[in-house]
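The values are calculated or read from the model by the stated rules, or taken from the named source; none is laboratory data. Being a predicted model, the structure only gives us computed values, none of them experimental. In this analysis, Cβ positions are derived from the backbone assuming ideal geometry, glycine residues included, and neighbour counts consider all displayed protein chains. In case anyone asks, the SASA skips ligands and DNA or RNA and just uses the protein heavy atoms, side chains included. Shrake-Rupley method; radii C 1.70, N 1.55, O 1.52, S 1.80 Å.
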Amino acid sequence: ATLVASPFVPPQETLVGKYGEGAKLIYELQDQGGELLALRYDLTVPFARYLAMNKITTMKRYHVAKVYRRDNPAMTRGRYREFYQCDFDIAGQFDPMIPDAECLKIVHEILSDLQLGDFVIKVNHRRILNGMFAVCGVPESKFIPACSTVDKLDKIPWEEVRSEMVGEKGLSPEAADHIGEYVQLHGGLDLIERLLRDPKLSQNKLAREGLGDMKLLFEYLRLFGITGKISFDLSLARGLDYYTGVIFEAVLLQQDPEHGEEPLSVGSVAGGGRYDGLVGMFDPKGRKVPCVGVSIGIERIFSILEQRLEASGEKLRTTETQVLVATPQKHLLAARLKLISELWDAGIKAEMLYKKDPKLLKQLQYCENTGIPLAAIVGEQELADGVVKLRDVATREEVRV
């Protein structure tokens with residue numbers, strides 16, 4: 001949280017020109033002092049700025065915080081205007097693909113541990129994309145616009161992507177068709193080998209370097225034992241301008257609709273990549289710090305977990321309350337307040353109903369609904385005997401303490 005803790009950042013120099021077409025989703029605010037501010041759009045740019053401001057050259061950190069998008073919310077799909085992200089980044093000058101492989105290992109581990117069902121992590125490389133655009137006859141000035149159009153392939157069919165490229169982005173129909181042959185390919189090490197032998201791509205220096213990186217990455221991923229969930233996917237483009245190397249995105253696969261389950265319409269739950277130039281943009285001397293990182297969409301994952309719970313009818317325990325202080329008769333609020341105060345002072349997580357004279361059944365029902373395991377009952381008899389009746393809510397066993 002020490003990293004640019006405030007959600008406000010000066011937009012002109014900090015945010016603009018880093019997010020490609022996403023820039024139109026930045027919330028810009030006019031400060032009272034006439035200063036132009038914006039709400040942060042992600043945690044990566046503030047991280048890069050922090051490294052540059054503090055002259056830090058190596059760092060490995062995670063950061064959970066809110067970000068803001070001026071987007072059309074879609075609650076059912078976990079798309080909000082204000083939401084939490086969890087970022088993990090490795091900054092520093094290291095040997096190729098080792099930190100990149102670790103980032104992918106972390107995403108794999110998180111998605112496996114959360115048991116969100118089947119997923120795939122798509123990977124690609126900015127240099128392979130740029131090399132591909134070059135050999136397909138796209139002028140360099142149109143690489144980034146072409147990129148953001150290709151990035152839509154997971155949402156709309158190739159025909160629509162092609163017409164946007166030609167109609168809106170001004171690419172020639174030949175170039176678009178040419179790109180179409182590549183971006184529909186996906187696979188693993190076999191595809192990398194095949195593209196390294198591709199007569200056109202292998203002639204391009206950028207594509208060759210990118211494919212070399214990919215080959216190395218897949219070797220490390222094999223050693224980590226996670227290649228089963230990784231797909232080298234040439235359609236993955238990620239619309240952000242600051243990526244320079246490997247890019248990746250984790251996608252949840254649909255539930256099997258045969259078993260009567262509603263398939264969940266959920267897209268990407270994590271994404272990231274390498275951004276070697278971003279820190280340099282904030283450094284007065286332009287000193288670069290290579291970085292690679294990943295961002296996990298917490299809210300989106302929550303909305304999936306919530307839908308699953310709802311479908312299964314399971315109850316989720318939302319508190320860690322250990323005991324409910326309850327009374328069986330009227331006029332015993334004072335006894336409850338004294339007992340709960342003692343429990344709180346002893347560091348025990350306790351609750352009581354905010355009513356003077358609640359019915360005992362209602363109090364026990366509350367324990368069942370919220371999953372509180374114990375009820376500490378003080379009635380007139382218990383007060384006279386100087387004891388508390390401790391009830392196990394699930395088994396209904398009682399002991400006097």
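Structural remarks
- Couplings for region 224-234, taken from phi via the Karplus curve 6.51 cos²θ - 1.76 cosθ + 1.60 with θ = phi - 60°, read 6, x, 10, 5, x, 9, 10, 10, 6, 10, 6 Hz in order; Gly and Pro are left as x.
- Accessible-area rank, largest first, for 331, 125: 331, 125, with all protein chains present and a 1.4 angstrom probe.
- Note: relative contact order over region 68-148, using C-alpha pairs below 8 Å and six or more positions apart, is 13 percent.
- In straight-distance terms, cross-link reach from residue 55 covers every one of the aspartates and glutamates whose alpha-carbon lies under 20 Å from its own, apart from those fewer than eight places away in the same chain; here that gives 13, 89, 276, 283.
- Average accessible surface area per residue within the chain, 1.4 Å rolling probe, Å²: 52 Å²
- Gain in span if fully extended, residue 198 to residue 172, counting 0.36 nm per residue against the direct Cα distance: 7.1 nm
- Here the contact order of the chain, divided by its residue count and restricted to Cα pairs under 8 Å and six or more residues apart, works out to 17 percent.
- For the chain, the longest principal axis of the Cα atoms and the long axis of helix 126-135 meet at an angle of about 30 degrees.
- Dividing the helix sum by the residues of the chain, where each DSSP H run of 4 or more adds -39500 (n - 2.57), gives a mean residue ellipticity at 222 nm of -11000 deg cm²/dmol.
- Portion, in percent, of the accessible area of region 323-400 that falls on carbon or sulfur, probe 1.4 Å: 56 percent
- Of 122/215; 122/155; 122/142; 24/155; 60/155; 122/200, those spanning more than 22 Å from alpha-carbon to alpha-carbon: 122/142; 60/155; 122/200
- R0 of 45 Å, Cβ-Cβ distance residue 305-residue 25: FRET efficiency to nearest 0.05: 0.95
- Label-to-label distance, nm, for residues given as residue 156 and residue 184 (7 Å Cα→Cβ offset): 1.8 nm
- Accessible area of region 145-248 belonging to carbon and sulfur atoms, whole % at 1.4 Å probe: 51 percent
- Long-range HN-HN contacts of residue 326 with modeled amide H, under 5 Å: 376, 377, 378
- Close amide-amide hydrogen proximity is noted between residue 241 and 19, 20, each under 5 Å apart and 5 or more residues distant or on a separate chain (H modeled in the peptide plane; Pro and chain starts excluded).
- Cα-based values for region 88-240, radius of gyration first and Dmax second, are 16.0, 46 Å.
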